[in-house]
Amino acid sequence: MEKKKWSPRFLILAVAVLVISTFAAWFVASNYGKTEIKRYTVPAEDGMKMSYIAWVPENATNEEPAPAVVIFPGRSSNGHQLDNWAMEYARNGYVGITVDWNGNGETDLMTTQEDYVQAVMDSVLSMPFVDAENIAVLGNSAGNAAATAACTMYPDNVVAYIDDVHPQLFAELPENVNTIIIEAAHDQYVTHFVGDQDAVFEAVTEKWGLDEPVEEGKLYGSAEDGTLRQFVVTNTIHQTSSLDSAGIKASAEFLNEVFPDTGVSAGGSIFWIYQFFQLIGYAGIIMFVLAFGITLYENIPYFRAIGNEVTENKGLRGGALVRNVIVALAIPLITFFPVSWLFHNAEFLNPVFRSRNLRGIIGWLVTNAVITLIMVGYKAMKAKKSGKPMTPAEFGFAGDGEKFQWYKVGRAFVLALITVLTTYAWVAVVEDVSGLNYQIWNVLNISRIPANRIFAAIPFVCCTVIIMLAGNIGMNTSRRLADTGRPKRDMAVQVILNVFVSAGVVTGLLLAQYGIGQLTSVYIMPQFENLGGGGTSSGALDFAFGFPLIMGFSGGMSTYFFRKTNNIWIGLFISANLGGLVGVIGATFITGHAVM
């Protein structure tokens, strides 16, 4: 193919956006350079490793140690999920500790909760800049079990317990520690286990032995003898508690009643500014992948050979386009609940697909991909029987009149590997230097890849190859729009359409379940027991918040690379590897039952 003159503007722009937004996010998160953010990895029982991120404000020194808040995240989360909370605590002069969930992030899977809790607590208490006699623990969702265990195991150190969106509300609630309960006003877990808001207020009143109904926000008892109590309800849902500014503010004010004065006043919350720069950083990551990948393709002859001649565009329009989009949306919508529930609870898959929370979504996507490939195969079989067999060009495998060539598949894989490894090398450097990853409320979570996760990631990446193969054939051939003679406009419209179709169903389901739940406290999908896995949830949908972005950028990337190269393989491999690793690194790895 004819070599185009290379313009570096896109790559320069992508790098500039990425570098500037990364620095800005760190600058805000570090309280303008006043907070050190650093990951610690410490030994635990039986050769295991525990990992957490410490947010150390400048007032916390060896000479004048500061109180600390140890934050245990919920199920299927790593320590970065509650970065917002640790950031705000550090701005109040407290050392914030965000812990990787057991078996998640860079923490190994430990067999007992005591080993998990002991590893982090012993490490934090040994820090010379931490006031070991003034420790608070925070439990988010299922992390409350670890937080309450810490209260029991370290009664001489833990003076406050922050109970944040605890599903069972009072399970194992410690008696002799200052406690604030932060409840989400629209929490389907609490509704399932406790009841409506009236039942919750009654339960709190009874548990605390009050003569009158508990008053939301009122302080009861005394911090001096460890009986200070406060009940706070914030206008959020269970899954968005990590973005709960009202909860962060209430807990910080409660700690001011319990902890010694640090002499630091935080002022107003700034985490929305931090999330804004993280959003720009995420956009920068996507821009960089596109720009770097296409730069390799356009400037290295070895990769330039991957491209195909432009095929005839039999673009869809009118009724045919509408029918294609309806079918593309209807099949995954119909299959979501039964198929994702089935794979979510398929315990026999644990040895290979070691994240049960991720397995439900991936199983659903693979099922839809297989259905799509069967439909394509049936169409190809009919065409062959009619005497007009489909050509490789009609699958996006070659140009008009060209044969399928395996070397192009191999070179596309190499190009994708270089692109993804370069991207993750940058992410690793950012985490090492700044202590931060790229994350938007843990919806999108691009973290460095721990070595012990690579092998576990391979089955999921292989699945995403199947998913993206089917998606690419559908997006870029059978659903290719008619050209208008304006390439940039055609590219933009095709990308928007394919992003919508790729992410539309799961986005709609999340909005229907949790958007309506936020407004009405009514959830269309009820809670049910996880077969064999312990716990209660709404199945795979509870762990699908990151997938609109993962599926959206996968669809958009694939479309961009196809229209640039007329070959589906570059976009397929880049999307499959990047999307697969993003999903895997941000998910829990549990072989068998969750122990937390």
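The values are calculated or read from the model by the stated rules, or taken from the named source; none is laboratory data. As the structure is a computational prediction, the values presented were derived from the model and not from experiment. Backbone-built Cβ (ideal geometry, glycine too); neighbour counts: all protein chains shown. Ligands, DNA and RNA are stripped out before the accessible areas are found, and what is left, the full protein with its side chains, is counted by its heavy atoms. Shrake-Rupley method; radii C 1.70, N 1.55, O 1.52, S 1.80 Å.
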Starting from 0.36 nm per residue, how many nanometres of slack lie between Y302 and A383 once their C-alpha separation is accounted for?
25.7 nm
Evaluated at 37 °C and 0.692 mPa s, the Stokes-Einstein D of segment 462-556 based on the Kirkwood radius over Cα pairs, in µm²/s, stands at 211 µm²/s
Roughly speaking, what is the centre-to-centre gap between segment 450-492 and segment 538-565 when only Cα atoms are used, to the nearest Å?
8 Å
Positive end of the charge dipole of segment 462-568 (Lys, Arg +1 and Asp, Glu -1 on Cβ, about the Cα centre): tell me which of N566, C463, I524 has its Cα farthest that way.
N566
What is the Cα radius of gyration of segment 176-224 over 2.2 N^0.38 Å, N being its residue count?
1.21
Here is the link list: K379/K564; K385/K564; K382/K564; K403/K564; K34/K249; K218/K249. Which ones come out longer than 23 Å on Cα distance?
K379/K564; K385/K564; K382/K564
At what distance in angstrom do the alpha carbon centres of segment 43-96 and segment 314-330 lie from each other?
51 Å
By accessible area of protein heavy atoms, probe 1.4 Å, what ranking do Y32, Y274 get, highest first?
Y32, Y274
Taking segment 154-280 as the region of interest, what is the percent of Cα-Cα pairs per 5 angstrom bin, listed from the shortest bin to the one with the maximum distance?
2, 10, 19, 20, 20, 13, 9, 4, 1, 0, 0
At 222 nm, what value in deg cm²/dmol follows for the chain if DSSP H runs of at least 4 each add -39500 (n - 2.57) and the sum is divided by all its residues, to the nearest 500?
-16500 deg cm²/dmol
Residue separation times 0.36 nm, minus the C-alpha to C-alpha distance between I458 and L333: what's the value?
42.3 nm
With just the Cα atoms defining each centre, how far is segment 100-148 from segment 212-282? Give it in Å.
20 Å
Stretched out fully, how many nm does the piece from L349 to L373 gain, at 0.36 nm a residue minus the Cα gap?
6.3 nm
What is the calculated FRET efficiency for V414 to E133, with r their C-beta to C-beta distance and R₀ = 56 Å, to the nearest 0.05?
0.50
Within the chain, which DSSP H helices have Cα atoms that stretch 27 Å or more along the helix axis and a mean Kyte-Doolittle hydropathy of at least -0.5?
9-29, 271-299, 318-344, 356-385, 406-434, 451-473, 487-510
With T = 37 °C, eta = 0.692 mPa s and Kirkwood Rh from C-alpha pairs, the Stokes-Einstein D of segment 1-85 in µm²/s is about 196 µm²/s
With the Cα gyration tensor of segment 221-303 in hand, convert its eigenvalues to equivalent ellipsoid semi-axes via √(5λ) and list them largest first in whole Å.
47, 15, 10
Divide, for the chain, the radius of gyration over alpha carbons by 2.2 N^0.38 Å, where N is the residue count.
1.03
State in Å² the accessible area per residue of the chain; use a 1.4 Å probe, count heavy atoms of protein chains only, and round to the nearest integer.
41 Å²
At 0.890 mPa s and 25 °C, Stokes diffusion of segment 93-181 via Kirkwood alpha-carbon radius, µm² per second
184 µm²/s
Förster-model FRET efficiency, 22 Å R0, D261 and E224, C-beta, rounded to 0.05
0.90
Quick one: if you stick a label point 7 Å off each Cα along the C-beta vector at V310 and L481, how many nm between them?
1.7 nm
Determine the principal axes of the Cα atoms in segment 424-497, then give the extent along each, sorted from largest to smallest and rounded to whole angstroms.
47, 28, 22
If segment 33-176 were replaced by its equivalent ellipsoid, with semi-axes equal to the square roots of 5 times the Cα gyration tensor eigenvalues, what would those be, largest first, whole Å?
21, 17, 15
How much accessible surface area, in Å² rounded to 10, belongs to the heavy atoms of W208 with a 1.4 Å probe?
40 Å²
Proximal aspartates and glutamates relative to K408, as straight alpha-carbon distance under 14 Å, when same-chain residues fewer than 8 apart are discounted
E309
Using all alpha carbons of segment 127-221, what is the percent of pairwise distances in each 10 Å bin, ordered from the shortest bin to the longest?
15, 46, 30, 8, 1
With all protein chains present and a 1.4 Å probe, the order of E63, E215, E312, E402 from largest accessible area down is E63, E312, E215, E402
Evaluate the charge dipole of segment 428-510 about its Cα centre and quote only its size in Debye, nearest 20, assuming +1 on the Cβ of each Lys and Arg and -1 on the Cβ of each Asp and Glu.
260 debye
